[in-house]
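Notes follow once the structure below has been shown.
Each value in this text was obtained by applying a stated rule to the coordinates, not by laboratory testing. Since this is a predicted model, take the numbers as computed values, not measurements. We place every Cβ from the backbone using ideal geometry, glycine too, and count neighbours over all the protein chains shown.
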């Protein structure tokens, strides 16, 4: 899932400066699951905005909406009737959602309330970690199902580097060395030979362009 | 062919030293350090923004050394350049007369003075070694395009015998050899016993016949430094015995140098060790004493080529 | 998107707690037990009295089907529901209600002032009918007075309760049996409906040789005499025949009026005895000998009883109905030398007073089981006269049901529309039982054995306030389970992860489901659900807001406005002086509920949870601790100041620490000053 977190409140405050009528739009997909954009966090941000407005003796009028998915215009268009009363939209969604809302309603300012962090998963309640960098060329079959691009701090293809210590990354003892994990899993599987071959430099050419996928069979035009 | 390569191929026990460029544009610093090291090392490593701290460029510093009549080993990491910049700098370094190059992954930007920097790591060290070998032997860029004049570097790599499992580290050395590394400088050796076991593994795989291994050594300045390295520096293995020697002495610097000399003498006895690499960063003055003390002075010369 | 709007339309049919379903009069047991747990004793009694005009009586002698159904019993022991009821009934004084207005012109007569008659009269009067109660004896109470020994139900307790019932305005005519001078016809002329609840006071006979000898007593009459304070002649060695409450009462009474030994003869085993288990246990303690699997053949003696010849019985394997037939064991006859035999094998109605005006079969008045109407239009009947000897709660239920039926008859309302249908919760699952903390039942103290036999003093002494609260806090609040609003659920697994009992699961459709059977209603998932898709109907979101507003309103003249949240389970201290709200486990409080008082311009908020490892549920207190830390950060970011919020987890059943912490917060506020939100002119809802 796409993992995001709420921006520092001061940053949000700066963005919405001068706006009194705000529409808070949550997204019920990935970022809701990671506690950044669900019903609860929208209400909480609303609550914070109101407390702040109380402190400044400057009233702020907010309304809240949840979208099934902020990244698809059909869902976003549901906001239509709520836009009129608002001076700006505060979107709680990943960057895709913010842009979709902005594309659907180009006449109104749309602010990102979240920072989009990574593609990852919750390892336990309250802990999310990065697991994929959408590198366009998956090699997990060669690395025991452990991604060195996302999980090695240097993204090495022929790791580990000299900084690997006791199975931990040189960057922090809290980060396991992805290459140690790969080595250990391959060893238990008896597949260490997969490491013998030197992996060629990665082809980043697709990643260097704005990504796109076109399925001719699905085109309607 | 570099002087270092010639010595090694001739079977001489090699000595290399290390020189850290300044955090400024001051060429004078390099000249001063070069003056100290001159005659005591066969080649001198120039670090490449070590620990991700911005310093005078390693290639530029190496070129300065060349102009002073010393032989440099330019270090090059994967951290700050993509494959385009790396190849460009490799060509440039050769054109400037640099003949030895040491290729490594590089410390993570997090440790340096610009932790906000994006780490590049477009290639890893093994891919970089392979690329330089391809440029040298096949006269081809990474993309397969041909070049007219190739850089014929003596290609070095590094390895840490003390990080992670021995088997994993020895396996990685094999990969570096396969990629094209010709000489190797190791992490600083204090734990001779562990190093010997690693060498055994290396010999078992016949790797000592395929790559010139230079064991890393470094003099300890104080008991505090010894303890710091023991506890705080990742990938460093300092046995208790060294700490206690440092604790007992009244002249720490002298004892530190003596320990280093003792280690070098022991390393010379280990089969497959072809030289030492003395890392005395910011204590370059210690190098002549160590080289003398270890009976490695004067250095042989293979003459101009 | 606001959860409250979903509540009305989207909630599924709720399951009811088994205690309430099992109760013949559907008392909201869970609610009053929960009031007791919070120290709200008056509220508890009010709740009981909504359905039951006999809290003190039922607190003592109820058959307690609720306790048999109680799911706490699946964990270790059921909640001592009757004991708790008795505690509040005794503890709270002044529960007399004002007489409700007479709403209808129709008048109703109730014949018989036992529990059925009194309950019926009470309910009809509460509904707004004028009611006249006819009693054949010179005092009210029926079997409660004549049958139940006073060591189980002290007379002042009964009298007070009867007085309270009459206090709502019921006319009473004592010494007024139905007979030739007061006929059914005459009553029908005056009243629009009649309820007959005359009970069953005629002892059944054994039908064996020697039953007319001197020294053979009739169980009902024996108890009646003792209960009315009349002299009884009784020997030293007494045999009591029968296995119901009358037999056990007679045996225990015999020991109190001079008998040296009592032998209870019953044809089946102890398990089959219809008497209450508690009473059997007490009878054993008091030294009653139980001659089980024993049946009397004849009573021996010349003029007076000299012994009783019995035969041992064997139980056959259970038949299809599950009943085990008892058969005599040949050659096992023996003689028990006794000088008194009390026959207590049952009692029935003496139908002679009805003069055949109403259909009676086998000593029971025949009624329509739905409406309780007899063969005579407008004449209803219930209680022992209809069912044969039963127990007090069944009699009350019959009276109450008759009242409703009479109401429906007089008003032309469909009776079934007045009745509540219920769906009980199923038994706890095995895996859940393993996870629940074991909490043994609080013992109800009893009089010492010595003291018991010397007099008719009440045997059970009842709970102290502390023990009652502790016992009530064992209640699992069955049926106050959380529910998923499936249109809001995003299937995120948060509930699955945070539930300390591992109840929720995400179904194949990707929607969370919470098993109503096992959910303990701790509310952790409700507070943590990122979609706000889980509700706890017993703890609605707006409920906290309402309470906070009340507190702030009430204390607006004080130096500071402080809102305290206290764990209900930690103590039952009064919060009046503390600006506090009780929460049944602080783990229910969501982040925005904690923030809410600040919106309402409170100067500070503090929480006192129970001690670590002491949560009524599982780690609710540590969950809220983390939330408080998060809210502190928010308050700091906003410039309100995180130090205006504090939480302590302290195990202090006396609640003394509350005052201390309140003062600490006040002291802190003296340094901080009032909330920065106070200066603002913008009002907030």
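Numbers below:
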item: Calculated over segment C:322-419: convex hull of Cα atoms, volume per residue (Å³); result: 172
item: Global form of segment A:2-117, assessed from the alpha-carbon gyration tensor, a/c cut-off 1.5; result: oblate
item: Pairwise FRET efficiency - residue B:146 versus residue B:66, Cβ, R0 = 30 Å, nearest 0.05; result: 0.65
item: Segment C:204-346: relative contact order as a whole-number percent, Cα under 8 Å and 6+ apart; result: 33
item: Shielding by partners - mean other protein chain Cβ count within 10 Å, residues of B:227-236; result: 2
item: Debye log10 I(q)/I(0) at q = 0.24, 0.26 Å⁻¹ for segment C:196-253, Cα point scatterers; result: -1.19, -1.35
item: Sequence of C:672, C:638 once ranked by neighbouring C-beta atoms within 10 Å, starting from the fewest; result: C:672, C:638
item: Degrees between helix A:39-55 axis and first principal axis of chain A (Cα, 0 to 90, nearest 10); result: 50
item: Backbone N within segment C:561-575 under 14 Å of label point (7 Å from residue C:651 Cα along the Cβ vector); result: C:570-571
item: Stretchable slack from residue C:435 to residue C:212, in nm (0.36 nm times residue separation minus alpha-carbon distance); result: 74.2 nm
item: Chain C, helix-only ellipticity at 222 nm - DSSP H runs n ≥ 4, -39,500 (n - 2.57), divided by all residues, nearest 500; result: -10000 deg cm²/dmol
item: Segment A:20-74-segment C:544-590 distance, computed between alpha-carbon centres (Å); result: 28
item: Length-normalised contact order for chain A - Cα pairs under 8 Å, 6+ apart - percent; result: 17
item: Per-peptide average of other Cβ atoms within 10 Å, ordering C:241-251, C:340-350, C:574-584 highest first; result: C:241-251, C:340-350, C:574-584
item: Cα gyration tensor, chain B - rounded (a/c under 1.5), prolate or oblate; result: rounded
item: Extension reserve of the residue C:324-residue C:453 stretch, reckoned as 0.36 nm per residue once the Cα distance is removed; result: 42.9 nm
item: Inter-label distance for residue C:181 and residue A:138, nm, one decimal - labels placed 7 Å from Cα along Cα-to-Cβ; result: 10.0
item: Protection proxy ranking of C:56-66, C:222-232, B:251-261, A:45-55 - average other beta-carbon atoms within 10 Å, highest first; result: C:56-66, A:45-55, B:251-261, C:222-232
item: FRET efficiency, 1/(1 + (r/R0)^6) with R0 60 Å, evaluated for residue A:5 and residue C:189 via beta carbons; result: 0.15
item: Inter-chain shielding of B:117-126 (mean C-beta neighbours from other protein chains, 10 Å cut-off); result: 5
item: Neighbour-count order for C:168, C:308, fewest beta carbons within 10 angstrom listed first; result: C:168, C:308
item: Pairwise centroid distance, computed over Cα atoms, of segment C:600-641 with segment C:301-348, Å; result: 68
item: Cα gyration tensor category, rounded, prolate or oblate, for segment C:204-346 with a/c compared to 1.5; result: oblate
item: Peptide-level mean, for B:107-114, of C-beta atoms on other protein chains within 10 Å; result: 3
item: Relative contact order, percent, segment A:73-196 [alpha-carbon distance under 8 Å, six or more residues apart]; result: 14
item: B:135, B:147, C:126 arranged by Cβ crowding within 10 Å, fewest neighbours leading; result: B:147, C:126, B:135
item: Stokes-Einstein D in µm²/s, Kirkwood radius over Cα pairs - chain A at 4 °C with 1.567 mPa s viscosity; result: 64
item: Mean-position separation - Cα centroids, segment A:150-200 and segment C:37-89, in angstrom; result: 65
item: By average C-beta atoms within 10 angstrom, highest first, the peptides C:407-417, C:661-671; result: C:661-671, C:407-417
item: Between helix C:656-672 and chain C: long-axis angle, C-alpha atoms, 0 to 90°, nearest 10; result: 20
item: Degrees between helix A:95-104 axis and first principal axis of chain A (Cα, 0 to 90, nearest 10); result: 40
item: Cα-based convex hull, segment B:228-295, per residue volume (Å³, whole number); result: 113
